[in-house]
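A.B. asks: Questions regarding the structure given below will be posed in turn.
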Amino acid sequence: MSGTAVASGKVEYTDSENRNALIAVKAHLIAGLSVFLLMMLGGLTMRAAQGTWIEIGVDLFYQIMTVHGVGVVGAAVIASTGVQWHFLRKYVRLSNAIFWTNFFIFLTGVVMILGSIFLGGYGGAWTFLYPLPAISMGAWSTGAAAVFQLGVLIIGVGLLILYLDFGRAILARYGSLARALGLTMLFGKEPVDPAHPKAVVASTMVLIVNFLGIAAGAVVLVMGLINLYNPEFQPDAMLMKNLIYFFGHVIINATIYASVIAVYELLPRYTGRPWKTNKVFLAAWFAIVFMVMGVYPHHLLMDFPMPAWAMIAAQVLSFGSGIPVLVVTGYGALMLVYRSGIKWSTTTKLLFLSMFGWAAGVIPAILDAMVTINRVFHNTLWVPGHFHFYLLLGLLPMIIGFTYYLAGEGDRNEQPKATDSLGFYAYLIGAFMTSMVFLASGANSIPRRWAVHMEEWVTFAQVGTIAAALVVLGTLLFTLRAIFILPGAANPR
Amino acid sequence: MIIKIKQEWLLLTAFVVLALPPMQQFLEQSMVTHMLVQIPVLAIIGWMLGKKLPENWKSKITLWNRWGITGMVLAVIIMTYWMLPRVLDAAISEWHFELVKFVTVPIMGIALSLSWPLLNPIAQGVLKLEFWATFMRLGWLYLDLPDRLCANYLLSDQRILGQLLLLSGSAWAITWTLRIMFGIRIIKT
Ligand code: HEM
Ligand SMILES: [Cu+2]
């Protein structure tokens with residue numbers, strides 16, 4: 001037990017520690033948003049190419065698709081980590097040095113990945129699905145595939161270091177992760193503490209699943225590397241796929257659970273009402289630990305050698321996945337806002353949008369996780385449809401909303417400017433359209449990951465391009481705001 | 001005082017027993033006992049010896065072992081070296097490799113015992129996970145490789161070792177989970 005942390009009190013830091021921490025969080029946000037913006041330009045390019053408005057080589061398309069996938073996942077991880085760390089450090093003593101270490105390790109990994117894609121020509125998608133990296137038929141070298149996987153591995157090690165610090169700090173204060181997660185309260189071993197920090201509960205959940213995800217990644221990435229250089233070693237492809245999807249699905253899924261902390265922490269601020277922790281809340285977060293880890297086989301529904309029980313479990317869990325936390329959070333948010341006389345700023349608008357985007361985005365996801373529907377929709381654009389929905393309308397609004405809060409709305413009660421409103425509505429409409437066009441394309445059996453589309457599909461891609469341009473416009477306005485205003489903004493007290 | 005001397009003698013005896021032909025040949029007969037019994041026991045002997053080193057030795061070594069980094073690097077190098085199948089083979093067929101093994105593995109144990117407590121807890125965590133992952137990777141490799149890695153051992157031996165590595169890695173993961181999640185300690189360390 002550290003001496004500075006009492007019951008539900010906050011950790012004290014020195015002024016210089018706080019200043020440095022604020023700079024670090026801003027660096028994470030700016031890096032994350034800039035990468036998002038660049039990757040969206042990549043998305044726009046892909047859409048325009050599929051819509052025959054521009055012409056790019058097929059190999060370039062797949063390089064862009066690879067960098068888009070890995071880039072947005074990386075940006076989501078780094079930005080959501082910034083959000084999470086900013087709030088978690090209020091309750092447990094976290095190290096600035098470790099936070100920065102992860103940031104720089106991350107940047108190193110990014111450089112390696114960029115090199116492997118644009119210098120080495122790697123275009124085997126961010127999922128590096130075995131044995132594709134090893135059989136490029138000359139499109140990229142073994143070295144390029146290896147550097148890509150090494151880059152991912154290094155980013156994983158950086159995150160591991162950060163999570164070890166989270167774990168150390170949480171254990172120092174709560175003794176066990178079960179207690180931090182609120183299990184002792186949930187099962188009646190301790191009275192429920194309404195002030196038990198939600199940031200701690202959410203962070204513990206993220207910590208657990210990501211730790212296991214990274215462990216799986218550390219094994220599977222090295223096995224892939226061994227195969228690259230010793231082709232006679234041929235690991236079981238099904239096992240590799242399981243581990244890769246476990247790793248990838250957990251990591252990207254967890255970003256939304258890390259970012260939702262912003263909703264828990266900021267909505268009470270803006271509405272002036274406390275958001276109490278209760279047993280329902282704790283139960284939901286307990287359930288989600290298992291759900292996030294158990295749903296990934298919905299990517300493998302077409303793989304007949306998979307054991308039936310895993311598929312059934314995945315289908316059942318996918319049905320329920322997201323729902324507990326979503327309901328608890330959505331309902332809680334509505335109760336906070338209802339008749340609170342809240343002033344709608346860009347932050348609150350975005351945070352509220354995120355609740356909608358998350359809730360609505362889960363619906364197409366659940367549909368696709370049903371075996372009968374998956375039989376038709378598997379590998380169609382329905383899949384990008386569902387995840388763009390809750391990433392563009394659920395995850396990003398949380399991150400951008402938090403950025404606005406840091407950029408001054410939290411402190412000076414600044415009102416949104418015309419550009420902010422323009423950004424908000426361009427983003428909202430564009431993101432909604434982007435996702436809906438993907439979903440509609442999927443419903444029309446247009447396959448995903450095709451560089452060149454058939455004539456009948458081109459109109460979809462063209463509408464998608466226009467939608468993408470709107471998203472890019474909105475994100476550009478948001479990002480400019482972050483780059484110019486964020487660095488000078490004071491810490492909201 | 002008496003007890004202290006006794007323990008050091010015990011360690012020495014254990015070392016000699018391991019090195020003498022009956023035990024040495026018995027353990028090296030199979031890949032499993034070679035890698036999962038002989039080498040770990042040698043390392044443990046080194047670890048316990050490291051704890052028993054006189055204080056003034058320890059403090060002299062510490063000067064060169066800030067934060068335990070030098071010692072850990074040494075230990076990791078030795079460990080990686082003895083993970084190469086080729087050198088394990090050589091240790092069986094050539095006596096000077098065997099000699100090197102009997103010297104360096106206990107040294108690795110000593111280095112570990114002197115450095116591990118000095119190491120930053122985060123670095124300890126990273127190394128632990130990396131070590132765990134190595135168990136799983138090697139286990140998987142030994143199970144799936146079509147060929148023998150060691151000329152001196154049978155393929156079936158390699159397969160059994162693979163299974164044992166995966167099993168012990170899993171057991172380790174479970175004890176770790178129990179401790180961190182619920183604060184249950186199965187083994188006291
Ligand atoms: C302007 C915004 C965006 C546009 C126009 C866009 C467009 C695209 C396109 C065209 C694809 C390839 C679809 C295909 O398979 O044919 C794609 C894939 C993907 N996108 Fe986006 N995207 C955008 C934003 C995002 C964001 C913000 C995220 C995540 C936070 C994201 C995550 C992904 C992922 C994970 C893939 C899968 C890549 C793969 O199949 O390997 N996208 N996107
Ligand atoms: Cu999934």
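The values are calculated or read from the model by the stated rules, or taken from the named source; none is laboratory data. Please read all numbers here as calculations on a predicted model, not as lab measurements. Glycine also receives a Cβ, built like all others from the backbone with ideal geometry; neighbour counts cover every protein chain displayed. Note: accessible area is taken over every heavy atom of the protein model, side chains too, but ligands, DNA and RNA are not part of it. Shrake-Rupley method; radii C 1.70, N 1.55, O 1.52, S 1.80 Å.
A.B. asks: Could you please give the count of residues in region A:104-143 that are out of contact with any Gly (no Cβ under 8 Å at 6 or more places or on another chain), buried (at least 18 other Cβ atoms within 10 Å of the Cβ) and among the aromatic types (Phe, Trp, Tyr)?
C.D. replies: Residues meeting the conditions: 1.
A.B. asks: If I filter region A:234-259 down to residues being over 15 Å from A:Val292 (Cα atoms) and open to solvent by 10 Å² or more (accessible area, probe 1.4 Å), which single residue comes out as nearest to ligand 1 (Cβ to nearest atom)?
C.D. replies: Result: A:Lys241.
A.B. asks: Another question, if that's okay. Of A:Ile261, A:Ile252, A:Ile208, which residue is touching a residue at least 24 places away in the same chain (Cβ under 8 Å) and either touching a strand residue (DSSP E or B) at 6+ places or on another chain (Cβ under 6 Å) or within 14 Å of chain B (Cβ to nearest Cβ) (or both)? Give the steps one after another, and end with the answer.
C.D. replies: Values: A:Ile261 fails: either touching a strand residue (DSSP E or B) at 6+ places or on another chain (Cβ under 6 Å) or within 14 Å of chain B (Cβ to nearest Cβ) (or both); A:Ile252 fails: either touching a strand residue (DSSP E or B) at 6+ places or on another chain (Cβ under 6 Å) or within 14 Å of chain B (Cβ to nearest Cβ) (or both).
Selected residue: A:Ile208, the only one of A:Ile261, A:Ile252, A:Ile208 that is touching a residue at least 24 places away in the same chain (Cβ under 8 Å) and either touching a strand residue (DSSP E or B) at 6+ places or on another chain (Cβ under 6 Å) or within 14 Å of chain B (Cβ to nearest Cβ) (or both).
A.B. asks: A further question on this structure: Quick one: A:Ala467 ticks every box in (1) within 12 Å of ligand 1 (Cβ to nearest atom); (2) of a type in the set (Gly, Ala, Ser); (3) in contact with a Phe, Trp or Tyr (Cβ under 6 Å, 6 or more places away or on another chain) bar one, so which box is it?
C.D. replies: Status for A:Ala467: all satisfied but (3).
A.B. asks: Any residue in region B:43-59 that is out of contact with any Lys or Arg (no Cβ under 9 Å at 6 or more places or on another chain), among the basic types (Lys, Arg) and free of Cβ contacts under 8 Å to residues at least 24 places away in the same chain?
C.D. replies: Scanning region B:43-59 turns up no residue that is out of contact with any Lys or Arg (no Cβ under 9 Å at 6 or more places or on another chain), among the basic types (Lys, Arg) and free of Cβ contacts under 8 Å to residues at least 24 places away in the same chain.
A.B. asks: State whether one or more residues within region B:142-155 are more than 9 Å from chain A (Cβ to nearest Cβ), open to solvent by 40 Å² or more (accessible area, probe 1.4 Å), touching a residue at least 60 places away in the same chain (Cβ under 8 Å) and among the polar types (S, T, N, Q).
C.D. replies: Checked against the condition, which is being more than 9 Å from chain A (Cβ to nearest Cβ), open to solvent by 40 Å² or more (accessible area, probe 1.4 Å), touching a residue at least 60 places away in the same chain (Cβ under 8 Å) and among the polar types (S, T, N, Q), region B:142-155 yields at least one hit.
A.B. asks: Within region A:66-103, can you find the residues that are open to solvent by less than 30 Å² (accessible area, probe 1.4 Å), closer than 30 Å to A:Arg173 by Cβ and among the β-branched types (Val, Ile, Thr)?
C.D. replies: The answer is A:Val77, A:Ile78, A:Thr81, A:Val83, A:Val92, A:Ile98.
A.B. asks: If you scan region B:14-48, which residues turn out to be assigned to a loop (DSSP other than H, G, I, E, B) and open to solvent by 50 Å² or more (accessible area, probe 1.4 Å)? I'd like the intermediate steps shown before the answer.
C.D. replies: Initially, region B:14-48 is screened for residues assigned to a loop (DSSP other than H, G, I, E, B), giving B:20, B:29-30.
B:Leu20, B:Gln29, listed by residue number.
A.B. asks: Also, I was wondering about something else. Looking at region A:167-206 only, could you name the residues that are surrounded by 22 or more Cβ atoms within 10 Å (Cβ to Cβ) and among the hydroxyl-bearing types (Ser, Thr, Tyr)?
C.D. replies: Once the filter is applied, which keeps residues that are surrounded by 22 or more Cβ atoms within 10 Å (Cβ to Cβ) and among the hydroxyl-bearing types (Ser, Thr, Tyr), region A:167-206 yields A:Tyr174, A:Ser203, A:Thr204.
A.B. asks: If A:Ser318 meets every condition in (1) in a helix (DSSP H, G or I); (2) open to solvent by 40 Å² or more (accessible area, probe 1.4 Å) apart from one, which number is that one?
C.D. replies: The single condition A:Ser318 does not satisfy is (2).
A.B. asks: Restricting to helices (runs of 4 or more DSSP H) lying wholly in region A:322-415: which have 1 or more residues that are under 30 Å from A:Ala451 (Cβ atoms), open to solvent by less than 10 Å² (accessible area, probe 1.4 Å) and within 16 Å of ligand 1 (Cβ to nearest atom)?
C.D. replies: Numbers: elements: A:323-337, A:346-368, A:371-377, A:382-390, A:396-404.
Correct list: A:346-368, A:382-390, A:396-404.
A.B. asks: Among the residues of region B:49-58, are any open to solvent by 80 Å² or more (accessible area, probe 1.4 Å), assigned to a loop (DSSP other than H, G, I, E, B) and within 23 Å of B:Gln124 (Cβ to Cβ)?
C.D. replies: Let us first name the residues in region B:49-58 that are open to solvent by 80 Å² or more (accessible area, probe 1.4 Å), namely B:51, B:55-57.
So of that shortlist, the ones also assigned to a loop (DSSP other than H, G, I, E, B) come out as none.
No, the conditions are met nowhere in region B:49-58.
A.B. asks: Let me ask another. Under 8 Å between Cβ atoms, which residue pairs at least 6 apart in sequence (or on different chains) link something in region A:24-45 that is more than 14 Å from chain B (Cβ to nearest Cβ) with a partner that is open to solvent by 30 Å² or more (accessible area, probe 1.4 Å) and within 16 Å of ligand 2 (Cβ to nearest atom)?
C.D. replies: A:Val35/A:Val72; A:Phe36/A:Val72; A:Met39/A:Val72
A.B. asks: Could I ask something else about it? Could you list, in sequence order, the residues of region B:156-189 that are at the interface with another protein chain (Cβ under 10 Å from one of its Cβ atoms) and either open to solvent by 60 Å² or more (accessible area, probe 1.4 Å) or in contact with a strand residue (DSSP E or B) (Cβ under 8 Å, 6 or more places away or on another chain) (or both)?
C.D. replies: Answer for region B:156-189, where residues must be at the interface with another protein chain (Cβ under 10 Å from one of its Cβ atoms) and either open to solvent by 60 Å² or more (accessible area, probe 1.4 Å) or in contact with a strand residue (DSSP E or B) (Cβ under 8 Å, 6 or more places away or on another chain) (or both): B:Thr177, B:Arg179, B:Phe182, B:Ile184.
A.B. asks: From the list A:Val25, A:Val92, A:Val83, A:Val58, exactly one residue is at pLDDT below 95 and more than 10 Å from ligand 1 (Cβ to nearest atom). Which is it? Show your work before the answer.
C.D. replies: Numbers: A:Val25 fails: at pLDDT below 95; A:Val92 fails: at pLDDT below 95; A:Val83 fails: at pLDDT below 95.
Matching residue, one of A:Val25, A:Val92, A:Val83, A:Val58: A:Val58.
A.B. asks: In addition: Can you confirm whether region A:296-315 contains a residue that is more than 21 Å from the chain's Cα centre (by Cα) and either at pLDDT below 80 or among the basic types (Lys, Arg) (or both)?
C.D. replies: Within region A:296-315, none of the residues are more than 21 Å from the chain's Cα centre (by Cα) and either at pLDDT below 80 or among the basic types (Lys, Arg) (or both).
A.B. asks: Okay, moving on. If we only count helices (runs of 4 or more DSSP H) wholly inside region B:63-136, which ones have 1 or more residues that are within 14 Å of chain A (Cβ to nearest Cβ) and farther than 18 Å from B:Val37 by Cβ? Explain how you work it out, then say what you get.
C.D. replies: Numbers: elements: B:69-81, B:85-93, B:95-115.
The qualifying helices (runs of 4 or more DSSP H) are B:69-81.
A quick yes/no check of all residues on (1) farther than 23 Å from A:Arg448 by Cβ; (2) within 16 Å of ligand 2 (Cβ to nearest atom); (3) within 14 Å of the chain's Cα centre (by Cα); (4) not in a loop (DSSP other than H, G, I, E, B):
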{"site": "A:Ala24", "(1), (2), (3), (4)": "yes, no, no, yes"}
{"site": "A:Thr45", "(1), (2), (3), (4)": "no, no, no, yes"}
{"site": "A:Tyr62", "(1), (2), (3), (4)": "no, no, no, yes"}
{"site": "A:Gly69", "(1), (2), (3), (4)": "no, yes, yes, yes"}
{"site": "A:Ala79", "(1), (2), (3), (4)": "yes, no, yes, yes"}
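A.B. asks: Would you confirm, using the coordinates I've provided, whether A:Pro268 is open to solvent by less than 30 Å² (accessible area, probe 1.4 Å), away from every other protein chain (no Cβ under 14 Å), under 30 Å from A:His28 (Cα atoms) and more than 16 Å from ligand 1 (Cβ to nearest atom)?
C.D. replies: Details: open to solvent by less than 30 Å² (accessible area, probe 1.4 Å): yes; away from every other protein chain (no Cβ under 14 Å): yes; under 30 Å from A:His28 (Cα atoms): yes; more than 16 Å from ligand 1 (Cβ to nearest atom): yes.
When the stated conditions are applied, A:Pro268 passes them.
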